[in-house]
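See structure below.
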Amino acid sequence: MRIIIIGAGEVGYHVAQRLAVENKEVVVIDKSSEALRKLAEASDVQTIQGSGSSPEILEQAGISKADIFLAVTDSDEINLIACFFANMLAGPEVTKLARVRSGMYTSYKHLLMDEGAGITKIINPDEEVVNSVLRLMSVPGAVEINEFAEGKIRLIGINLPDDSPVMGTKLLHLREKIGDELGIVIAALVRDGELIIPSGLDEIKPGDVVYFVCDIRDQEEIVKRLGIDVEPVREVMIIGGGNIGYKLAKALDNKYYHTRLLENRQKRCEFLSERLDRPIVLMGDSTDQEILREENIQDMDMVISVTGDEETNILTCLLAKSLGAKRTVTRVNNFGYMPLIEPIGIDYVVCPRQSAINSLLHFIRRGKIISSVNIRGEEAEALEAVAHDGSPIVGKAVKDINFPRGCLILCFQRKDEVVIPRGDTVVEPEDRLIIISTRQNIPKVEKVLTTTVEFF
């Protein structure tokens, strides 16, 4: 597979590095010689200095032989022009993905995805961040939530309390503890910063972050039986009225939430007030303790800081937490900050660039990755695939399928039914499988799956 990436910034850098490890043929184009040098030192990729919107540079990169074209610079215009020329030079056979943030363009995505530009998918990191926050709000005790099968299945990461009834339980006995009528599979454990794809003999220990898969209809009851006392999120304060803050406030503009939006620019406050109904728009500095106290920060179920300045976001969340806010969410762009967030007391982190990477990876493999699950600095990937009649895995029990260690079938969607498998559950034709694997095993899993299933 030949993949051309326009842009060697953080998104392009991390996608290229990840794919190079899997022995894919990667070409990266960027104007910055320093960014290309840094990438070339870290990964086995081909680099070309120049503009990704130049037809001459695209031909030099071998656009006619490319399978996938990723335009992920920080400029919407460069990304769109690059995709336009890629379509002219290589035709519709090449999968073209563009990172685009401005509503000026995303409002007309139907035009960008027609025959003219021929873009396969518009990736809007801001929308992905908003969706991530909304999922976290739906299970306030969770550290991460991913959805599959059109939202019917959830993969949830959660910190269990030390007095949880399942603490010390071997996973093969888990259903005896929480009830056999509830379908649950433990997908991964994070212990002392290390990712473990477990077997039935592994047990849950204090301090573990537990990732489990369930039918969304069973989610609330499972969380209760795991011993987590979760109060619903009602009182919300959003810090920053930019694109993300506005989209999030719009999503929360209903009777269920009491939302405040704090923004420090007068004209932006006027814009927000005109377009929002129930959320209260406030003007002020989020690092001013008096303003936060006046707005009863101590009563907030969740404070979400999504300004464009990550230092302000981090400081605001720490301040809100010290003043009594129950949970805090911060937006960061710098990958280097992400491992530091939890140790300093902030509950959740969202990253537009990471969201863009996750979305891009859906389209990169021989099939399509549904999600990339990043767990405490380690990486696992969740794949969704369908088993056709005649495939070698059809008719086999889950325990007999020859996947490498570190890979686990989490669940199926069988017609409209969600099936949480046991070891003796048999794969039937047209089952949609959801599989988790460590990053190192992805090429092996991919090799098995390309001969046995068709990806989504």
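The values are calculated or read from the model by the stated rules, or taken from the named source; none is laboratory data. A quick note: this is a predicted structure, and the numbers were derived from the prediction, not measured. When we count neighbours, we look across all protein chains shown, and the Cβ atoms used for this are built from the backbone with ideal geometry, even at glycine. These accessible areas exclude ligands, DNA and RNA; they are computed on the full protein's heavy atoms, side chains included. Shrake-Rupley method; radii C 1.70, N 1.55, O 1.52, S 1.80 Å.
About the Cα centre of the range 123-175, how large is the charge dipole given +1 on each Lys and Arg Cβ and -1 on each Asp and Glu Cβ? Please answer in debye to the nearest 20.
The calculated dipole for the range 123-175 is roughly 380 debye.
Counting DSSP beta bridges with both partners in the range 31-187, what percentage is antiparallel, nearest 5?
If we restrict to bridges inside the range 31-187, about 45 percent are antiparallel.
Assuming 0.692 mPa s and 37 °C, estimate D for the range 109-220 with Stokes-Einstein, Rh taken as the Kirkwood radius over Cα pairs, in µm²/s.
D = 204 µm²/s.
Going toward the positive end of the dipole of the chain, with +1 on Lys and Arg Cβ and -1 on Asp and Glu Cβ, which of Val445, Ser32, Gly168 do you reach last?
Val445
Which percent of Cα pairs goes in each bin when the distances of the chain are cut into 20 angstrom slices starting at zero?
Whole-percent P(r) values from 0 Å outward: 23, 54, 23, 0.
Enumerate the amide H contacts of Val166 below 5 Å, restricted to partners 5 or more residues apart or on another chain; note that Pro and chain-start residues carry no placed amide H.
none
Just in the range 249-299: which trypsin sites (Lys or Arg not before Pro) are loop by DSSP and have at most 10 other Cβ atoms within 10 Å?
Here the trypsin sites (Lys or Arg not before Pro) that fit, given the DSSP loop and packing criteria, are Lys255.
Please list the non-local residues whose amide H lies under 5 Å from the amide H of Arg2, H modeled 1.01 Å from N, same-chain partners needing a gap of 5 or more.
Asp67, Ile68
Take the chain, mark every one of the GluC sites (Glu not before Pro) that falls in a DSSP loop and has at most 16 other Cβ within 10 Å, then report the longest stretch left between them, sites excluded.
On the way: sites that count: Glu22, Glu93, Glu115, Glu181, Glu295, Glu430.
With a cap of 16 other Cβ atoms within 10 Å, the longest stretch comes to 296-429.
So for the chain, taking the charge dipole from beta-carbon charges (+1 Lys/Arg, -1 Asp/Glu), which of Pro339, Val21, Cys351 sits furthest toward the positive end?
Checking the options against the dipole of the chain, the answer is Val21.
May I ask you to evaluate 6.51 cos²θ - 1.76 cosθ + 1.60, the Karplus curve with θ = phi - 60°, for each residue of the range 134-149 and list the ³J(HN,Hα) values in order in whole Hz, giving x for glycine and proline?
5, 5, 4, 5, 6, 9, x, x, 7, 9, 6, 9, 10, 10, 9, 6
Fully extended, how many nm does the chain gain between Glu150 and Arg278 (0.36 nm per residue separation, minus their Cα-Cα distance)?
Working: separation 128, 0.36 × 128 = 46.08 nm, distance 2.91 nm.
Result for the pair: 43.2 nm of gain on full extension.
Keeping all protein chains in position, work out how much accessible area Met302 exposes to a 1.4 Å probe, and write it in Å² to the nearest 10.
Roll a 1.4 Å probe over it and Met302 shows about 0 Å².
Cβ under 13 Å from Gly324's Cβ, Gly324 left aside: what net charge do those residues give with Lys, Arg +1 and Asp, Glu -1? Could the numbers behind the result be given before it?
Working: positive: Arg293, Lys321, Lys326, Arg327; negative: Glu235, Glu295, Asp299, Asp301.
That sum, taken over residues with Cβ under 13 Å, equals 0.
Positive end of the dipole of the chain, charges at C-beta (+1 Lys, Arg; -1 Asp, Glu), about the Cα centre: which of Leu272, Ile158, Thr259 has its Cα farthest in that direction?
Value: Ile158.
Compute the normalised compactness of the range 248-324: alpha-carbon radius of gyration over 2.2 N^0.38 Å, N being the residue count.
On the way: Rg = 12.2 Å, N = 77, 2.2 N^0.38 = 11.5 Å.
It is 1.06.
For the chain, what is the mean residue ellipticity at 222 nm derived from helices alone (per DSSP H run of n ≥ 4: -39500 (n - 2.57); sum divided by total residues; nearest 500 deg cm²/dmol)?
Values: 16 runs with 138 residues, N = 456.
Value at 222 nm, helices only: -8500 deg cm²/dmol.
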